[in-house]
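Data first, discussion second: the structure below is written as structure tokens.
Rule-based calculations on the coordinates, nothing more; no lab input. The structure presented is a predicted model; accordingly, all values stated were derived computationally and were not measured. Here the Cβ positions follow ideal geometry from the backbone for every residue, glycine too, while neighbour counts run over all protein chains shown.
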């Protein structure tokens, strides 16, 4: 099984019976993956996955407290997973949350969020806390979802945005998420902010490598105010010098520094950095999928930024050998190879929206007779207290 075949088959199913449109100006090489990606390029709205899909994701996130919970659950679920795994298994995880975990919580059963017998268990270990096989972060998040939604919405409604991300109500939202959603640091907190209001973005491990020199210069310029720090990796380079890895701070000063770095990138590229990071990431993932079966020298993907190049590797096929993912193996190889020439990177962006919309039925308000009776009782007591009758 390989990622490339699976990905193309998924797209064929998603577009079955629909006209496939590939806008002019796309950065994707129509002959297939180029394997070379220049980060920070502007994309017009017709080919930008961010422009096409992020507004719908923002609207979904802001719909009500349940939809915002789903967005946070999605962010948690992306931790340390390949994108195809997230896209294929998140609906199963979400179904379990709403049909098993939450229901058991309402019944007061202990260990309601224990997913040890679920098929996605090995894929969800990052949702565990300590040695407990339990999604404690999400369990706490569900209990506080109404308060979190109300407070984030109040910050959104203030709409004090400025051109600088570090000096607006947007920062207050980002800061609130990191400080109040246990388990989310600056990086994933910025991703959640991007999904909710379309600002900020995820400086993940790949971006850290790509922007390594800029980040290190930022640290050297003012270590105390930088959003990043350096820590010994325990490894040494060819000359025997200690290798220092970049880490992201989650302190108050660190969060400001992280956002100031995004401000720097935004000024450099002259476009929304949230858009830039989103579209770049989707193009990277597109290449990691379509090049997953390549061999030899062609198996590396080159990222170009600031006149520098770094190499990253495509996804590995062996992940699909896991029993939990056996149902992914029904692939039409001929159709996949035919589609290979026509896949735009923005489909990866669209998959984010589709993943979240799988949770749409769970966000609909349900008729609750107990709430109606409670309101009638309150109304009756008010009428009697006013001697209206």
*Counting other beta carbons within 10 Å of each Cβ, put 253, 285 in order, fewest first.*
253, 285
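For residue 103 and residue 379, what is the calculated FRET efficiency with R₀ set at 35 Å and r taken between the beta-carbons, to the nearest 0.05?
Calculated value: 0.70.
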_In nm, spacing of pseudo-spin labels at residue 214 and residue 250 (7 Å Cα→C-beta vector)_ = 2.5
_I'd like to compare 220-226, 172-178: which one has the highest average count of other Cβ atoms within 10 Å, and what's the full order after that?_
172-178, 220-226
*Spacing of the two label points (7 Å from each Cα toward its C-beta) at residue 157 and residue 224, in nm*: 3.9
*Any chance you could check the Cα centroid distance between the stretch 177-243 and the stretch 255-284 for me, in angstrom?*
13
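At 0.36 nm per residue, minus the direct Cα-Cα distance, what do residue 311 and residue 41 gain on full extension? Give it in nm, one decimal, please.
On the way: separation 270, 0.36 × 270 = 97.20 nm, distance 1.83 nm.
So the chain would gain 95.4 nm between residue 311 and residue 41.
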*Among 157, 212, rank each residue by its count of other Cβ atoms within 10 Å, from fewest to most, as a rough exposure measure.*
157, 212
*If you stretched the chain out fully between residue 79 and residue 386, how much longer would it get, using 0.36 nm times the residue separation minus the C-alpha to C-alpha distance?*
104.9 nm
